Amino acid sequence: MQSAWKVGGLVVIFAAMMMGVFAILKSSIFAQPTDTYFVRFADAGGLNSGAEVLLAGVSIGKVESVTLAEDGTARAKLSIEHGRTISKDIVAVLPTGFISLGDRQVLLERKGTLTGTYSPNNIDDPIPGAIKGPLEDIFPDTESTMQELNKTMVAFQNLLGDKELKDGLIGVMKSGEQTADKFGKLADSLSGTLNRNGDEIDALMTSMVAAMKNMQEVTAEINAYAGSGKLQAQADQLMTTMNSAAKQGELLVSDLRTYTSDPTIKDNLTGTLENFKSMSDSGVNIAQDAELMAKNGVEISDQTKQLMTKANKLADEVERLIEDVKGAVQKFGSGGGQSLIPEVNIESDLMYQSEQQRLRADVNLVIPAGREKLVLGLYDAFESNKLNVQFERALNERTDLRYGVYASKPGVGVSYAFAPNTWLKTELFGLNDPQFDIRLKHRFNQTIHGWVGIEDIFGRNSPAIGIGIKR
């Protein structure tokens, strides 16, 4: 019994020892064989041991360790599947993002032009490493774009350092503020005028409508009278009477010729003339009376002419009034005439502010005003509701200048078109605490556009991204 107990105890102890050995050596006994490669990064921040190594999106190994090399660079030790060849055109890419969650991955991408392969366990021939920015997937030419953007920002800062330009901008801001004040006063005055004279305007419009109705009724009556045939019948009757009078005149002339050719009648006429001589005194008196009657007739004729002149003037004024009303109706109408209300565009933007972690909405109306445009709207609509009142003027084909009130503060802005659908837009506003925003805007179609930018470059310097609609 004792020997059996001893044998059983030895078996249990042996089994426990074997399990401990397997627990310690499990990884080396059952793990797949791997090859070791080294990668050199200028900055390996966020890369930890155990991070996956991907080739064409497939995991082929893990990061074994990350150490500091003698030259001050980061050296990453990779465990790659045994037998996997790494060509010389491979570059180890370490992606970055605006928000980093979890461990980073090492992406093996083909970017070089070298030939051959890397040797395993060769620390003197490491794989070159590179860092990919968060915007390179969206904008492949981010580096060149940022360089151009930096150059633009440096040039703009130098421009802002120009005292003469700064004084000019301050003058423009003051002028814009005064213009906005005058615009407000003008709007108040116009509103007051409309309120004070509203009844008179309504009465005038009512009178004009009544006058138009009366003119239409008169025109309808004249057309009806002409269409009834009465006017034509009276004209035919008048012509018939005139023809009859003409025939009677011809007969009278014929009778006079007959009478004048008779000698007896001539003698009688001679006696009659002698009698006329004796009646000369009476004839003089009759002539004086006839002259007086002629003068009275002239005065009556002059008065008649004056009355006709006044009637013609009244007719001309009525005709001009009708034409003015027609013109006003055509302007208010939607037909071929020019509309009094200009074409208004509505621009609305919805953006995410990374520093404040909130959404902001801007709504603006763009109203053409001659060679300029008037921008009216709200900055941070539905929240703080700050006012935008700016005039926009084209300096050339690519550059536009805005000045006035932006976010309820004196402001000025510049837009520069890189391409037909891509703009660089800047805003500088505020006197005591100036804020400078810059954004890159791209229009996808006639309605939708998107943009990325940096807000408050002199302060928070926070990225922002957004999308907008133009109608």
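The values are calculated or read from the model by the stated rules, or taken from the named source; none is laboratory data. These numbers were taken from a predicted model, which means no experiment stands behind them. Neighbour counts are summed over all protein chains in view; Cβ atoms, including those assigned to glycine, are modelled from backbone coordinates with ideal geometry.
Answer yes or no as to whether Ser384 is closer than 21 Å to Gly459 by Cβ and exposed (fewer than 14 other Cβ atoms within 10 Å of the Cβ). Explain how you work it out, then say what you get.
Values: closer than 21 Å to Gly459 by Cβ: yes; exposed (fewer than 14 other Cβ atoms within 10 Å of the Cβ): yes.
Yes: the conditions hold for Ser384.
Being of a type in the set (Val, Ile, Thr) and under 28 Å from the mean Cα position of the chain (by Cα) is true for just one of Thr206, Thr179. Which residue is that? Show your work before the answer.
On the way: Thr206 fails: under 28 Å from the mean Cα position of the chain (by Cα).
None of the other options fit; the residue is Thr179.
Okay, residues lined up against (1) polar (S, T, N, Q); (2) without any contact (Cβ under 8 Å) to a residue 24 or more places away in the chain:
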| site | (1), (2) |
| --- | --- |
| Lys386 | no, yes |
| Ala394 | no, yes |
| Thr399 | yes, yes |
| Ala407 | no, no |
| Ile448 | no, yes |
| Arg460 | no, no |
| Arg471 | no, no |
Among Arg402, Arg393, the single one that is basic (Lys, Arg), farther than 21 Å from Met153 by Cα and either part of a loop (DSSP other than H, G, I, E, B) or under 16 Å from the mean Cα position of the chain (by Cα) (or both) is Arg393
Within the stretch 14-66, the residues that are at pLDDT 85 or above, exposed (fewer than 14 other Cβ atoms within 10 Å of the Cβ) and either touching a Pro at 6+ places or on another chain (Cβ under 9 Å) or assigned to a helix (DSSP H, G or I) (or both) are none
Which residue is modelled with the lowest pLDDT, if the candidates are limited to the stretch 76-113 and must be loosely packed, with under 13 Cβ neighbours inside 10 Å and of a type in the set (Val, Ile, Thr)? Ile99
Name the residues in the stretch 114-129 that are exposed (fewer than 11 other Cβ atoms within 10 Å of the Cβ) and hydroxyl-bearing (Ser, Thr, Tyr), would you? Thr115
Lone qualifier among Leu374, Leu307 - being modelled with pLDDT under 90, farther than 30 Å from Met173 by Cα and not hydroxyl-bearing (Ser, Thr, Tyr): Leu307
Looking only at the stretch 167-213, and only at residues there that are without any contact (Cβ under 8 Å) to a residue 24 or more places away in the chain and among the basic types (Lys, Arg), the one that is farthest from Asn432 (Cα to Cα): Lys213
If you take the residues in the stretch 416-435 that are hydroxyl-bearing (Ser, Thr, Tyr) and closer than 18 Å to Ala464 by Cα, which one is surrounded by the fewest Cβ atoms within 10 Å (Cβ to Cβ)? Thr422
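Quick one: is Val366 more than 24 Å from Thr152 (Cβ to Cβ), in contact with a Gly (Cβ under 7 Å, 6 or more places away or on another chain) and assigned to a strand (DSSP E or B)? Explain how you work it out, then say what you get.
Details: more than 24 Å from Thr152 (Cβ to Cβ): yes; in contact with a Gly (Cβ under 7 Å, 6 or more places away or on another chain): no; assigned to a strand (DSSP E or B): yes.
Answer is no for this residue.
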